[in-house]
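Engineer: Can you read through this structure? Questions will come right after.
Every read-out reported here was derived from the displayed coordinates using simple, explicitly stated rules and does not represent laboratory data. If you're wondering where the values come from, they're calculated on a predicted model, not measured in any experiment. Counting neighbours? That spans all protein chains shown, and the Cβs are built from the backbone with ideal geometry, glycine included.
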Amino acid sequence: MAAADQAAAVRRALESSGWARGSRLALLDFDVTTYSDDPAVLELVDALYGAVLAPGVGHHVLSLGRASDGERAGVVVALDGVPIVRTTAPSIAFAHLVFEANQQALLATSGVVLHAAAAVLGKVAVVLPGRMGAGKSTLVAGLAAAGAGYLTDEIVALAPENGCVRPYPKPVSLGIPPPELDGITRGAPAGASEYFTGVLVPAHALPGGVGSPTPPGLVVLPTYEPDAPVAVQRLDPVESVVALAEHAFHLEQPGGLRALAEAFRDVPCYRLTGGSLPGAVNAVHELTGRAVASA
Amino acid sequence: MTSIACAPGARPRARGLEEAVGVDGEVLVAAAGEVHVLTPTAALLWECCDGEATVAELSAEVAEVFDQEQEQVLSEVVVLVGELEQRGLVVLEGSGQGPREPALLAPSASCASCGEGPGFEATVHVELGSVVASIGADATTARAIERAFGGRVVERAEATGPPLYGIVLPEARSGARSTPLARLHRGEEVLCTSRDPGRIVRALAAQLAIHALPARAVRLDSLVVGRAGRAVLVPVPPRRSAFLRRLAAVGCCAADVPSACVDPAPSAYALVGAAQLALDLTSLLEVAAARRLLDGEPPALPWGNYEIVAVATSGDPSPASVLAELVPLRHGAGDSEAAAAVPVLLELLDAVPILTAHDLDGIAGILT
């Protein structure tokens, strides 16, 4: 059975079981429609992913619904009919749905792809690569709260035709948001249902809105260090490529490293450490100004 | 990375030359998930690794070009080529590496709360097509496993960690108030228990057969319940022994393992047992018979092929419930086994009714 036929058959199976079709999400090159037997799940998806909704029906099916787990009532999350998790905790199931959507966006998108956040400042995209916990989501939220256009907090993909950072405005995932972000987290649907206990800020709720495709003009690698003063260090060209490669996907594909090095050849790259969000936001603004001036 | 010198007679061949990128006078190359920065000298040597010249010959050329002592250069080049080989940037031709061994199946990652699983006196490795599975057992049972698997038994020189499967056939202890049940483990998980060790022996064989299915067959998370050549696929019940007794009361029985192997063509059949492995279980069943505890367990479904006439769910009898309960949980994004199960199950749903697993009279009825 071809993939498209299989997805159609899964959709028919869910619809014949009384499950409701939710929105189509355009997550970079991952094109998916959500399904659930609980309208609250689909409403939550719409509230969080409002910036990536698309008309029509997607190529894939991401579903979350009640199913028996042995003798207990449970929740199953599945992609194209294949269960990803079976759990009795709805909040764990929804967290898996959000994680899976992101993973599939990553797997489906080719070319230069980085584990990074990004925002538009002026006419350039600031790319913030970092491991989990480095502070990239908090920093991009801080930039967005100060009016920058939000592009993504997780995956930076460059458009092959022009090298611009493609918007991937998934909800910003903030573990424990600092008080400086109270303004943007207040409206988030945190703890609003049994499915959701974290803090996810929808992109459309950010003051700067969603940015347009923009060429990268600055790379900042943040490292959150509590109570440490904000410090920046410029990397030389070799260090820059190595640092970017640490956060790059698809490097094993032919020409992967060459494409990465070419895409960021003239883009200044810095490491930024510190524990102050306002200080880090100021530093990024200052570095952006320098980068634009030298360009 | 600890440097390992290669042999001067090795013939290194560079890998990934076409992927190298020059940045600021240095050469960068991605290999084995890392980016390596090569100095100009290392890059030059790497580019000269053509699979023809030996390391000693390359050293002689370098010594001549740079006007250096050949012995000194050789001592550095053997280390450098050794490092390149460790990083996956060269392969050493003629190094005597044989054909790749079948992959050894590993238990899934352990969690702290699960403990380490049982310990075993001996481990037997058996080849199952393109993979090798390890089986832990006591010494007597391990010898019987070796006889049963004959030519499929393979030696593994490297340390392989805990076995993927473990079979425990407890000795009957005279005077003891109770003896532990015979059981089959997969890693830390207990797949089956029984008072009849023979049942566990058959379950081991059937479980191993899952790794050597016909190409078009798929595995489902399901118990095969059957009678007279017909079968219903039922979600694995949490209290299996009670379920088996209730099944026996309506004249049905179930397969030994909590997995259904389904061959979709020409019509869907459940493959019960391990016929494809062509094993001689006589010696293993003799060990099991000597350790038999008590009678009284319902009989297992005999090995064979059973036409699938229905599927069942423990929730509402809907296609969504069938998919949610019977398709195996995905292990990683590239799990093709779980993905392959979906179209087979969807086609099956077009052909057979969905029953409720609690309705054993209904299941027995459709099997008649």
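Engineer: Name the residues whose placed amide hydrogens come within less than 5 Å of the amide hydrogen of A:ALA89, ignoring near sequence neighbours (fewer than 5 apart) on the same chain.
Structural biologist: A:VAL75
Engineer: Shifting gears a bit: Given springs between every Cα pair under 10 Å in a Gaussian network model of chain B, which of B:ALA53, B:ALA182, B:ALA310 has the largest fluctuation?
Structural biologist: Per the Cα network of chain B with a 10 Å cutoff, B:ALA53 tops the list.
Engineer: Using DSSP loop states and a limit of at most 15 other Cβ atoms within 10 Å to flag trypsin sites (Lys or Arg not before Pro), what is the longest stretch of chain A containing no flagged site?
Structural biologist: No qualifying site falls inside A:1-122, the longest such stretch.
Engineer: Among DSSP beta bridges whose residues both lie in region B:242-364, state the antiparallel percentage, nearest 5.
Structural biologist: 70
Engineer: Mean Kyte-Doolittle hydropathy of 0.0 or higher plus an axial Cα length of 15 Å or more: which whole DSSP H helices in chain A meet both? Could you put the intermediate results ahead of the total?
Structural biologist: Values: long enough: A:3-16 (19 Å, -0.11); A:90-108 (27 Å, 0.79); A:277-294 (26 Å, 0.49).
Sorted by number, the helices that extend far enough and score high enough are A:90-108, A:277-294.
Engineer: Mind listing P(r) for region B:11-93? All alpha-carbon pairs, 10 Å bins, whole percents.
Structural biologist: That works out to 19, 53, 26, 2, in percent per bin.
Engineer: Relative to the present Cα-Cα distance, how much length would full extension add between A:ALA4 and A:ARG290 at 0.36 nm per residue of separation?
Structural biologist: On the way: separation 286, 0.36 × 286 = 102.96 nm, distance 4.88 nm.
Extra length from A:ALA4 to A:ARG290 when fully extended: 98.1 nm.
Engineer: Could you list A:THR185, A:THR87 in order of exposure, starting from the residue whose Cβ has the fewest other Cβ atoms within 10 Å? Show your work: numbers first, answer last.
Structural biologist: Details: A:THR185 19, A:THR87 15.
If I rank by nearby Cβ atoms, fewest first, I get A:THR87, A:THR185.
Engineer: What FRET efficiency, computed as 1/(1 + (r/R0)^6) with R0 = 56 Å and r the Cβ-Cβ distance, is obtained for B:ARG292 and A:ARG12, rounded to the nearest 0.05?
Structural biologist: Efficiency, from the Cβ-Cβ distance: 0.65.
Engineer: Can you list the residues, at least 5 places off or on another chain, whose amide H is less than 5 Å from the amide H of A:GLY209, using H built in the peptide plane?
Structural biologist: Correct list: A:TYR150.
Engineer: Moving on to the next point. Find the relative contact order for chain A and round it to a whole percent, using C-alpha pairs within less than 8 Å whose residues are 6+ positions apart.
Structural biologist: Averaging sequence separation for qualifying contacts and normalising by length gives 16 percent for chain A.
Engineer: From a point 7 Å beyond the Cα of B:SER267 in the direction of its Cβ, which residues of region B:343-368 have a backbone N at a distance under 14 Å?
Structural biologist: B:348-353, B:367-368
Engineer: Taking amide H positions as placed 1.01 Å from N in the peptide plane, with prolines and chain starts having none, which residues 5 or more places from B:VAL27, or on another chain, fall under 5 Å of its amide H?
Structural biologist: B:LEU38
Engineer: Continuing with the same structure: Counting Lys +1, Arg +1, Asp -1, Glu -1, what net charge surrounds B:ALA288 among other residues with beta carbon under 11 Å of its beta carbon?
Structural biologist: With Lys, Arg at +1 and Asp, Glu at -1, the net is +2.
Engineer: Based on alpha-carbon centroids, what's the gap between region B:1-79 and region A:115-185 in Å, whole number please?
Structural biologist: 41
Engineer: In addition: How would you rank A:GLU154, B:GLU337, going from fewest to most other Cβ atoms within 10 Å of each one's own Cβ? Walk me through the numbers before you get to the answer.
Structural biologist: Numbers: A:GLU154 21, B:GLU337 14.
Lowest to highest Cβ neighbour count: B:GLU337, A:GLU154.
Engineer: If Rh is defined by the Kirkwood formula over all Cα pairs and Rg also comes from Cα, what ratio Rg/Rh do you get for the protein assembly as shown?
Structural biologist: 1.04
Engineer: Also, I was wondering about something else. With contacts defined as alpha carbon pairs under 8 Å and 6 or more residues apart, what's the relative contact order of chain B in percent?
Structural biologist: For chain B, the relative contact order is 13 percent.
Engineer: Assuming R0 = 60 Å, what is the FRET efficiency of A:SER91 and B:VAL65, from their Cβ-Cβ distance, to the nearest 0.05?
Structural biologist: The calculated FRET efficiency here is 0.35.
Engineer: What whole-number distance in Å separates the alpha-carbon centres of region A:1-46 and region B:258-307?
Structural biologist: First find each Cα centre; the distance between them is then 39 Å.
Engineer: Within chain B, which DSSP H helices have Cα atoms that stretch 20 Å or more along the helix axis and a mean Kyte-Doolittle hydropathy of at least 0.5?
Structural biologist: B:336-351
Engineer: Continuing with this model, one more query. Give a residue-ordered list of calculated ³J(HN,Hα) values for region A:208-213 (Karplus: 6.51 cos²θ - 1.76 cosθ + 1.60, θ = phi - 60°; whole Hz; x for Gly, Pro).
Structural biologist: x, x, 8, x, 8, x
Engineer: Can you tell me the FRET efficiency between B:ALA351 and B:GLU52 if r is taken as the Cβ-Cβ distance and R0 is 56 Å, rounded to the nearest 0.05?
Structural biologist: With R0 = 56 Å, the Cβ-Cβ based efficiency is 0.40.
Engineer: Relative contact order, percent, of region A:3-108 when contacts are C-alpha pairs under 8 Å separated by at least 6 residues?
Structural biologist: 23
Engineer: Let me ask something additional. Explain nothing, just compute: Karplus ³J(HN,Hα) = 6.51 cos²θ - 1.76 cosθ + 1.60, θ = phi - 60°, for every residue of region A:215-226 in order, whole Hz, x for Gly and Pro.
Structural biologist: Residue by residue, region A:215-226 yields x, x, x, 7, 10, 10, 9, x, 9, 6, 10, x Hz.
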